[in-house]
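The values are calculated or read from the model by the stated rules, or taken from the named source; none is laboratory data. Only a predicted model underlies this, so the values are computations on that prediction, with no experimental measurement involved. Note that we place each Cβ from the backbone using ideal geometry, even for glycine, and neighbour counts take in every protein chain shown. Only protein heavy atoms, including side chains, enter the accessible area calculation; ligands, DNA and RNA are left aside. Shrake-Rupley method; radii C 1.70, N 1.55, O 1.52, S 1.80 Å.
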Amino acid sequence: MNAERESLKISESVYRVGVIDWELRNFHGYETRRGTTYNAFLVKGAQGYILIDTVKNNFKDELMAHIRTVCDPREIKAIISNHAEPDHSGSIAHVLARISPEAKVYASAMGAKALAAHYGDAVKAEAVPAGATLDIAGRPFRFVETRMLHWPDSMWTLDVTDNVLFTNDAFGMHLAGLPCWHDAYDPAVIEEESSKYFANILMIYAQVVAKLIEVYPTLNIHPSIVCPDHGPLWRGGGIDHIIGRYAQWSNPANRKNKAVVVYDTMWHSTEKIAHAIAEGLNRGNAEVAVMPLRGTHRSDVARELLDAKALIVGSPTLNQGMMPTVADALTYIKGLKFPIDFGAAFGSYGWAPLGTKALQEYLAPMCRNVTNSISVQFVPTEENLAQCRDYGEKLAFAICSDCPEQRA
Ligand code: FEO
């Protein structure tokens, strides 16, 4: 990567010095098809530079090279750590050994503990009071506690002078690219990657997001630039846009009359049932996303569930249970705690329909309602498929009767 290209000046006194990870394809179970960035920022204060966050450990040398295009690292008088997860703190000890020996590290109270737990005596952070404004290296910074977005230590930092808000994971996305700003990218890509990020990283804490969005106007923060730690930076109308999307995604009332049909198949029988149920859902005016797990990643299923009310899961019976691909997807989705109103199970079987039984038991704690499953022995007949279409149509009626005017 070209270091000069990456160390961009984004405001009068703020520089982007992070790195691009073009190769990343898996972020602990989340498929990152477009790679990612680990953003870090240098802010010029009256008494020296302040580094906001660092990068994953294996990119530490690249980070230092980018810093050197802006200043002598020994001019860095402080590091503000907004989030201790190692993709943002992994090179902090390396950086600390190369900057001003008097440099201090600032983090939230939980962040100071998390940094100590990760790096021991190598990183001793000073806890900043939530909501406080502190002078650091001759420049005022305001701190906003954003606990559980998505770790207990998470916080935002506002550079008061240039009105730049650093939000760590919030408003981010896994999208590698040289352009700095969101408006340099195809809006469809921004929508896909930002919603996928929300579904896979923040959905589990959607209620916390909703509360933060609710109190956000009272914080009296009106940033000119919003800098997440992954993906492009937000400016202009993009700031209100992404805050609006977070308000929408965190509110279950905004889901569509939509069902996600997820399945794997052994000898194509469960696949035929899936298609018939999808046809019935469509006939009943529900929107349908059909997601065969051969070729669909669990993190894309999560993204489709972001605006869906129903999860319809299929598996043939295998070894008295469900197929491992289906168990994988369900385990992942369960952890994200989507507000699923309707669950249903389907599948083919040889001599006992134990796959659908296992699916139903798994779906029960995940969904507000789980309807009776539908199973077909061996290969579905035309009559069986007609029953599956009717089954899908009835599901659609249940989904749409909740709030018909929300039909997309
Ligand atoms: Fe990008 Fe929670 O780390």
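Worth a mention:
- Accessible surface for the chain, divided over its residues, is 40 Å² per residue with a 1.4 Å probe.
- The range 92-248 - share of DSSP beta bridges that are antiparallel (%, nearest 5): 65 percent
- Lysines whose Cα lies under 20 Å from that of K124, excluding same-chain neighbours fewer than 8 positions away: K56, K60, K77, K104, K113
- Spin-label model, N57 to Q248: label points 7 Å out along the Cα-to-beta-carbon direction sit 4.0 nm apart.
- All other residues whose Cβ lies under 12 angstrom from that of I221 are scored, Lys and Arg at +1 and Asp and Glu at -1, for a net of 0.
- On the chain, 52 percent of the accessible area sits on carbon and sulfur atoms, based on a 1.4 Å probe.
- With Cα atoms, 0 to 90° folded angle of helix 269-283 axis to the chain main axis: 80 degrees
- Selected from V226, V189, V215 as most flexible by GNM, with the chain as the system and alpha-carbon contacts under 10 Å: V215
- Whether the range 309-408 is rounded, prolate or oblate, judged on the alpha carbon gyration tensor where a/c under 1.5 counts as rounded: oblate
- Sum of side-chain charges, S108 neighbourhood, beta-carbon under 12 Å (Lys, Arg +1; Asp, Glu -1): -1
- Note on the chain: with a GNM built from Cα contacts shorter than 10 Å, the maximum mean-square fluctuation among F378, F41, F338 falls on F378.
- When the P(r) is computed for the range 58-139, the part past 15 Å accounts for 57% of the Cα-Cα pairs.
- Global form of the range 38-194, assessed from the alpha-carbon gyration tensor, a/c cut-off 1.5: rounded
- Only Lys, Arg (+1) and Asp, Glu (-1) charged, at Cβ; the chain dipole about Cα centre in debye: 400 debye
- Only DSSP H runs of four or more residues enter the estimate; each adds -39500 (n - 2.57), and after division by the residues of the chain the mean residue ellipticity at 222 nm equals -9500 deg cm²/dmol.
- Exposed GluC sites (Glu not before Pro) absent - longest run of the chain, DSSP non-H/G/I/E/B, at most 12 other C-beta within 10 Å: 103-408
- Cα-based shape type of the range 1-122, given that a ≥ b ≥ c are square roots of the gyration tensor eigenvalues and the cut on a/c is 1.5: oblate
- Dipole axis of the chain (+1 Lys, Arg; -1 Asp, Glu on Cβ), positive-most option in W267, I190, M155: M155
- Rounded to the nearest 20, the Cβ-based charge dipole of the range 333-408 about its Cα centre (Lys and Arg +1, Asp and Glu -1) stands at 320 debye.
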